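> Got a structure for you, questions after.
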Amino acid sequence: MVRAAALLVALLGAASPAAACRLALLLALDVSSSVDADEDRLQRGGLVAALTSPQVRAAFFAVDAPVALAVYEWSGRYNQEVVLEWTLIDSPAALLSAAETIAASKRSHNEFPTAMGYALGYGAEMLRRAPNCLYQTIDMAGDGQNNEGFGPRLAYKEFAFQDVTVNGLVVNAAEFTSETQLIDFYRNEVLKGPGAFMEVAQGFEDYERAMRRKLERELTPPVIGALPDPRQAG
C-alpha cells in the first residue's frame, strides 16, 4: 500500500501542475424501460449504500489526492440526465453530500430503449468538463444490450475516448432472451482501456454488493498505481 501510494504521488507530480485529482469517476445508471420502479429503487439505493460503506469510504481517502465523482442516468438516444454534477470528494463530508444528492434524485425517464452508444457519447462530453485528473473512468451499469442507434464500438471511434477507461456493472437479470448473452456483450463491446473490468450483479437485489466491489477496485491506490499511463497507449 505504501509503495503504491508513493507511486501515485510521483505520477501526480509528473502530471500537469493544474491536475486537481487522481481519478475522474463517472457512473452511468441504466433507466431504460427494462428497469422497473422497484429495480431502479434498488439500483439507486444500492449506489448510495456502496458509496457510504466503510470499505469504499476508506478507498476514497486511502491517499491525500482526491477523486472527482459524477453520476448520470441514461436510456434512449436523447434521454440522459445528470444526477450528480462533478464533485471533488476531498472529505468525508463531501462524500456524504454526494450520496445524499443521489439518494434524493428522481428517475428522469422510464419508457425508452437502451441506447448505450448515445449514453457513452454523453459520458464523453461530461468528462470534457471534469476536473483535470490523472485518470478518467466511466462505469456503464445496465441490464440489457444496446437496442437503439449505434453501439459502444462506434461511440469509441466517434467520441474522445483515447485516455478513458470504461468499466461495466452487468445486472444479469436475464429477463429477456436478448439479455442471456449480456456478460459477453459487455466483455466484447463495452469494456475499454487499460485495466478495464466488469462486476456482475445477479439481479438488482445484488446491485449494492457488486457496486461496492467495483468501487473498491477502482478507488484503491494499488490498482490505480499499477495501471499503465493511458496517455502512453497507442
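> Filter the range 197-210 down to the residues that are modelled with pLDDT under 95, open to solvent by less than 40 Å² (accessible area, probe 1.4 Å) and in a loop (DSSP other than H, G, I, E, B) and list them by number.
GLY203
> Does the range 99-114 contain any residue that is in contact with a helix residue (DSSP H, G or I) (Cβ under 9 Å, 6 or more places away or on another chain), over 30 Å from ARG153 (Cβ atoms), β-branched (Val, Ile, Thr) and crowded, with 17+ Cβ neighbours inside 10 Å?
no
> In a helix (DSSP H, G or I), in contact with a helix residue (DSSP H, G or I) (Cβ under 6 Å, 6 or more places away or on another chain) and open to solvent by less than 50 Å² (accessible area, probe 1.4 Å): does that describe ALA94?
For ALA94, the condition - in a helix (DSSP H, G or I), in contact with a helix residue (DSSP H, G or I) (Cβ under 6 Å, 6 or more places away or on another chain) and open to solvent by less than 50 Å² (accessible area, probe 1.4 Å) - is not met.
> Let me ask something additional. Answer with yes or no whether ARG107 is part of a loop (DSSP other than H, G, I, E, B) and at pLDDT below 95.
Criteria met by ARG107.
> Considering the range 115-160 alone, what residues qualify as being aromatic (Phe, Trp, Tyr), open to solvent by less than 40 Å² (accessible area, probe 1.4 Å) and under 14 Å from the mean Cα position of the chain (by Cα)?
The answer is TYR135, and nothing else.
> Could you list, in sequence order, the residues of the range 161-191 that are at pLDDT 90 or above, buried (at least 20 other Cβ atoms within 10 Å of the Cβ) and out of contact with any Ser or Thr (no Cβ under 8 Å at 6 or more places or on another chain)?
PHE161, GLY168, LEU169, VAL170, VAL171, PHE185, TYR186, VAL190
> In addition: Considering only the range 37-63, state which residues are assigned to a loop (DSSP other than H, G, I, E, B) and either without any contact (Cβ under 8 Å) to a residue 40 or more places away in the chain or of a type in the set (A, V, I, L, M, F, W, C) (or both).
Answer for the range 37-63, where residues must be assigned to a loop (DSSP other than H, G, I, E, B) and either without any contact (Cβ under 8 Å) to a residue 40 or more places away in the chain or of a type in the set (A, V, I, L, M, F, W, C) (or both): PHE61, ALA62, VAL63.
> While we're looking at this one, here's another question. Hey, any hits in the range 132-149 for a residue that's farther than 30 Å from GLN181 by Cα and assigned to a loop (DSSP other than H, G, I, E, B)?
yes
> Need pairs with beta-carbon distance below 7 Å; first residue on the phi > 0 side of the Ramachandran plot and within the range 119-137, second of a type in the set (A, V, I, L, M); sequence gap 6+ or separate chains.
That search, which allows pairs on different chains as well, returns nothing.
> From the list ALA98, ALA160, exactly one residue is hydrophobic (A, V, I, L, M, F, W, C) and touching a Lys or Arg at 6+ places or on another chain (Cβ under 9 Å). Which is it?
Within the list ALA98, ALA160, the selection yields ALA160.
> Pairs only if they're at least six apart or on different chains, beta carbon under 6 angstrom, first in the range 191-220 and within 20 Å of ARG57 (Cα to Cα) and in contact (Cβ under 8 Å) with a residue 12 or more places away in the chain, second open to solvent by less than 10 Å² (accessible area, probe 1.4 Å) and not in a helix (DSSP H, G or I); list them, first residue then second.
These pairs meet every condition: GLU199/LEU169; TYR207/ALA201; ALA210/LEU169; ALA210/ALA201; LYS214/LEU169.
The values are calculated or read from the model by the stated rules, or taken from the named source; none is laboratory data. If you're wondering where the values come from, they're calculated on a predicted model, not measured in any experiment. Cβ atoms come from the backbone with ideal geometry, glycine included; neighbour counts cover every protein chain shown. Protein only, heavy atoms only, side chains kept; ligands, DNA and RNA dropped before computing areas. Shrake-Rupley method; radii C 1.70, N 1.55, O 1.52, S 1.80 Å.
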